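Below is one structure, written out as structure tokens; comments come after it.
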Amino acid sequence: MSKIATLEVNGQKHEFPILVGSENESAINIKTLRSVTGGVTTIDPGYKNTGSCESSITFLDGEKGILRYRGYSIEDLAEKADFLEVAYLLIFGELPTQEQLDKFHSDIREKSIVDDDVKKILDAFPKTAHPMGVLSSLTSALTAFNPSSVNVDSEEDMYNSVVKILGKFPVLVAWTMRKKHGLPLDYGDNSLGYVENVLKMMFKKPNEEYVQNQILVDALDKLLILHADHEQNCSTSTVRIVGSSHAGLFASLSAGISALWGPLHGGANQAVLEMLEAIKEDGGDTKKYMAKAKDKSDPFRLMGFGHRVYKNFDPRAKIIKKSADEVLGDLGIEDPILDIAKGLEKEALEDQYFVDRKLYPNVDFYSGIIYRAMGIPTDMFTVMFALGRLPGWIAQWREMRLRKEPIGRPRQLYIGETYRPFMTIKKR
Ligand code: ACO
């Protein structure tokens, strides 16, 4: 029997259907609210209670610490799949056969050339520019070099736009870093795997051969998988809402990159490492920073802690913490920052303030330590996050367009001045 929610507004009762998802989550469908109540709307700052869409891509249960892409657990995918398989799964809904995967990779390779003129745009940025700003601009610039709009009703057109951005984006990521470090720009090596190629494009020096390190390849592969999607977070919602106006895929992705940049979202991985560095410089006094985080008159927050949805633990953080130990061990690196992070985590998990608010380490708490061990500069951490999130953004954009969702356009409750007669400037 279908479930109903009853809402009484100004003495009148209205019924709304309750939708039930495949994991038994419930959502009150208030589509008709304004029409049946004569214009009453809802207010939900930060959309803490509001579902913006129905989606079949990612399921997460923040209480139980569950994260699944298309039904597959993040633990299984991080352990057993590679990034390109996961990208295919997210975007097209099923794990690829070997044949499908080979074709997918070969099509991505074929589309990986970025117009040489994009280098002129890159040249115009000062070396001090933050890589996320540069990446967002270059992604937007791709629109100018690939002007044909995507016919979303054509499977072929959709597929081509997907492989195009998956091919070109790693080149932009590598160029963003290389330009900042004064290294020549190139197009990578199409004989390599996707992740191997990313590493070579980023780190190849002009005067020596680049030798792949399997530890780094595996670590990056895992990090990218763990970041690949996270349902309706800030950047993904941005991609969907920009795309809902029928702006192109690259323009929507560029907006998503800007949303990811903020320190409350993807920018937290950079902020975490800077915080850990500051604690180290300050003599390693974690207690002092714990006190600052709890002091409501101090804007400082424990970066990498807390999550809008996870109120138990972030399953990605568990995997990354283990991976950080393994990668540093395998590379023979002893990083005092890792000890500070572990100390801080232990204190926070035992502290009443953090316990009461259900604040646990999130995906960003340990990822920066691995990126740093890989030789990736701190200001590139969020760019690496964007590289991982790319398939998720694409999958969500594609789903939104295929479902023919309406343009995203929230309502508001106006609390400003009511009508006032205009005053000429002399009378003000
Ligand atoms: N340090 C100290 N206190 C915190 C922290 C933190 N990291 N996070 C939340 N709190 C406190 C808040 O002050 C608030 O306390 P109060 O109830 O006494 O007012 C309470 O916990 C709830 O916090 P909100 O900000 O209301 O929670 P919200 O769901 O809006 O925010 C967020 C989630 C943005 C992730 C927040 O926890 C935060 O700022 N964390 C630090 C930044 C970070 O790590 N971001 C990465 C998130 S993961 C990602 O985007 C990939």
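The values are calculated or read from the model by the stated rules, or taken from the named source; none is laboratory data. None of these values were measured; they are calculated from a predicted model. Glycine also receives a Cβ, built like all others from the backbone with ideal geometry; neighbour counts cover every protein chain displayed. Keep in mind that these areas ignore ligands, DNA and RNA; they rest on the heavy atoms of the full protein, side chains included. Shrake-Rupley method; radii C 1.70, N 1.55, O 1.52, S 1.80 Å.
A quick yes/no check of all residues on (1) at positive phi; (2) in a helix (DSSP H, G or I):
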site: Ser140; (1), (2): no, yes
site: Asp153; (1), (2): no, no
site: Lys168; (1), (2): no, yes
site: Leu183; (1), (2): no, no
site: Gly188; (1), (2): yes, no
site: Lys200; (1), (2): no, yes
site: Val211; (1), (2): no, no
site: Val217; (1), (2): no, yes
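Quick check on segment 240-248. Is at least one of its residues closer than 24 Å to Leu226 by Cα and of a type in the set (A, V, I, L, M, F, W, C)?
Yes, segment 240-248 contains at least one residue that is closer than 24 Å to Leu226 by Cα and of a type in the set (A, V, I, L, M, F, W, C).
Go through (1) of a type in the set (Phe, Trp, Tyr); (2) crowded, with 23+ Cβ neighbours inside 10 Å; (3) more than 10 Å from the ligand (Cβ to nearest atom) for Tyr210 and report which single condition fails.
(2)
Does segment 379-397 contain at least one residue that is of a type outside the set (Gly, Ala, Ser), under 24 Å from Gly256 (Cα atoms), within 16 Å of the ligand (Cβ to nearest atom) and outside any helix (DSSP H, G or I)?
no
Filter segment 260-291 for residues that are near the ligand (Cβ under 9 Å from one of its atoms), free of Cβ contacts under 8 Å to residues at least 40 places away in the same chain and open to solvent by 60 Å² or more (accessible area, probe 1.4 Å) and give the result.
Leu264
Can you tell me which residues in segment 219-237 are of a type in the set (A, V, I, L, M, F, W, C) and not in a helix (DSSP H, G or I)?
If the condition is that a residue be of a type in the set (A, V, I, L, M, F, W, C) and not in a helix (DSSP H, G or I), then Ala228 is the only one that fits.
Going through Lys64, Lys13 one at a time, which residue ends up being modelled with pLDDT under 95, at negative phi and of a type in the set (D, E, K, R)?
Only one candidate passes the filter, namely Lys64.
Counting just the residues of segment 104-118 that are outside any helix (DSSP H, G or I) and not hydroxyl-bearing (Ser, Thr, Tyr), which one comes out most open to solvent (accessible area, probe 1.4 Å)?
Only one residue fits best here, namely Ile113.
Is segment 221-243 home to any residue that is in contact with a helix residue (DSSP H, G or I) (Cβ under 8 Å, 6 or more places away or on another chain), farther than 23 Å from Arg68 by Cα and open to solvent by 30 Å² or more (accessible area, probe 1.4 Å)?
Yes, that holds for at least one residue.
Could you list, in sequence order, the residues of segment 318-360 that are closer than 26 Å to Val217 by Cβ and touching a Phe, Trp or Tyr at 6+ places or on another chain (Cβ under 6 Å)?
Selection gives Ile320, Lys321, Ala324.
Let's see how each residue does on (1) open to solvent by less than 30 Å² (accessible area, probe 1.4 Å); (2) assigned to a helix (DSSP H, G or I); (3) away from the ligand (no atom under 13 Å from the Cβ):
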{"site": "Asp298", "(1), (2), (3)": "no, no, no"}
{"site": "Val309", "(1), (2), (3)": "no, no, no"}
{"site": "Asn312", "(1), (2), (3)": "no, no, yes"}
{"site": "Arg316", "(1), (2), (3)": "yes, yes, no"}
{"site": "Ala324", "(1), (2), (3)": "yes, yes, yes"}
{"site": "Lys342", "(1), (2), (3)": "no, yes, yes"}
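For segment 376-428, give me the residue count where each residue is of a type in the set (Gly, Ala, Ser) and free of Cβ contacts under 8 Å to residues at least 40 places away in the same chain.
Matching residues across segment 376-428 total 1.
Are there any pairs with C-beta distances below 6 angstrom linking a residue in segment 151-170 that is small (Gly, Ala, Ser) to a residue that is at pLDDT below 95 and buried (at least 22 other Cβ atoms within 10 Å of the Cβ), with the two at least 6 apart or on different chains, and if so which?
Partner pairs satisfying both residue conditions: Ser161/Leu249.
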